[in-house]
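Participant: Would you mind keeping the following structure in view while I ask a few things?
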Amino acid sequence: MTNKIALAESDEEILSCFSVMTELRPHIAPEEFLPKCKRQAEISNYRLAYLLDGEVKAVAGFRISDWLSGGKFMEIEDFVSKEGERSKGYGGALFDWLVEYAKGENCRQIKLVSRVTRFDAHRFYLRKRMNIEAHYFSLDLKN
């Protein structure tokens, strides 16, 4: 596998991630994707990393943050490999790249939230030596 992993910085690079990201976030319309990514980048330093092997095969949306409870960390908000390309090492390579990026940013941890029904994703994260540390609670304010 010869691939390139990079941060999506130009509009074209960000837009090239949409077809894979929409598999995880199907509610985002194509015309909303770029403005949403840019807005999140402005308010919370959201970044997109992608793995390219002829085409985009895997995408991760993340930010670097800091909590009083644990210090500086990387939060992975989105992590998805292209349907039909899973279990080919793309997700693993992108995850390993994120680990090195987080280390380079002097992060103490990587954190992510995964829906309780995403069993394949849970197995992947556990294989990557992630620990289950907390319950994540939410309250819907728009009923």
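The values are calculated or read from the model by the stated rules, or taken from the named source; none is laboratory data. Just so it is clear, the model here is predicted, and its values are computed rather than measured. For neighbour counting, all protein chains shown are included, and Cβ atoms are generated from backbone atoms with ideal geometry for every residue, glycine included.
Participant: Within the set of pairs 6 or more residues apart or between chains, which connect a residue that is under 22 Å from residue 95 (Cα atoms) inside the range 119-143 to a residue that is part of a helix (DSSP H, G or I) with Cβ atoms less than 6 Å apart?
Facilitator: Here the result reads 128/95, each pair linking the range 119-143 to a residue that is part of a helix (DSSP H, G or I).
Participant: Which of the residues spanning the range 68-111 are of a type in the set (Lys, Arg), part of a loop (DSSP other than H, G, I, E, B) and either farther than 21 Å from residue 20 by Cα or in contact with a Pro (Cβ under 8 Å, 6 or more places away or on another chain) (or both)?
Facilitator: 108
Participant: A further question on this structure: Across the range 112-129, which residue is surrounded by the fewest Cβ atoms within 10 Å (Cβ to Cβ) among those that are assigned to a loop (DSSP other than H, G, I, E, B) and at pLDDT 90 or above?
Facilitator: Filtering first and then ranking leaves 129.
Participant: Mind listing whichever residues of the range 8-21 are within 12 Å of the chain's Cα centre (by Cα) and not in a loop (DSSP other than H, G, I, E, B)?
Facilitator: The answer is 20, 21.
Participant: Step by step: first the residues of the range 1-32, then only those that are within 17 Å of residue 63 (Cβ to Cβ) and without any contact (Cβ under 8 Å) to a residue 40 or more places away in the chain, then the one that is surrounded by the most Cβ atoms within 10 Å (Cβ to Cβ). Which residue is that?
Facilitator: Restricting to residues being within 17 Å of residue 63 (Cβ to Cβ) and without any contact (Cβ under 8 Å) to a residue 40 or more places away in the chain, the top hit is 14.
To keep it simple, each residue is scored yes or no on (1) over 22 Å from residue 97 (Cβ atoms); (2) part of a helix (DSSP H, G or I); (3) touching a His at 6+ places or on another chain (Cβ under 7 Å).
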residue: 6; (1), (2), (3): no, no, no
residue: 23; (1), (2), (3): no, yes, no
residue: 26; (1), (2), (3): yes, no, no
residue: 31; (1), (2), (3): yes, yes, no
residue: 43; (1), (2), (3): yes, yes, no
residue: 51; (1), (2), (3): no, no, no
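Participant: Can you report the number of residues in the range 53-67 which are under 14 Å from residue 94 (Cβ atoms) and either touching a Leu at 6+ places or on another chain (Cβ under 9 Å) or in a strand (DSSP E or B) (or both)?
Facilitator: Result for the range 53-67: 7.
Participant: Take residue 61 and decide whether it is in contact (Cβ under 8 Å) with a residue 24 or more places away in the chain, surrounded by 10 or more Cβ atoms within 10 Å (Cβ to Cβ) and within 12 Å of the chain's Cα centre (by Cα).
Facilitator: When the stated conditions are applied, residue 61 passes them.
Participant: Give 84, 71 a once-over and let me know the one that is in contact with a strand residue (DSSP E or B) (Cβ under 9 Å, 6 or more places away or on another chain), more than 16 Å from residue 4 (Cβ to Cβ), exposed (fewer than 14 other Cβ atoms within 10 Å of the Cβ) and not aromatic (Phe, Trp, Tyr).
Facilitator: 71
Participant: Any idea which of 103, 142 is of a type in the set (Lys, Arg) and farther than 16 Å from residue 74 by Cα?
Facilitator: When all the criteria are applied, what remains is 142.
Quick grid of which residues meet (1) at pLDDT 95 or above; (2) within 15 Å of residue 82 (Cβ to Cβ):
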{"position": "2", "(1), (2)": "no, no"}
{"position": "20", "(1), (2)": "yes, yes"}
{"position": "31", "(1), (2)": "yes, no"}
{"position": "46", "(1), (2)": "yes, no"}
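Participant: Looking at 42, 83, can you tell me which residue is in contact (Cβ under 8 Å) with a residue 24 or more places away in the chain and among the acidic types (Asp, Glu)?
Facilitator: That would be 83, the only listed residue that is in contact (Cβ under 8 Å) with a residue 24 or more places away in the chain and among the acidic types (Asp, Glu).
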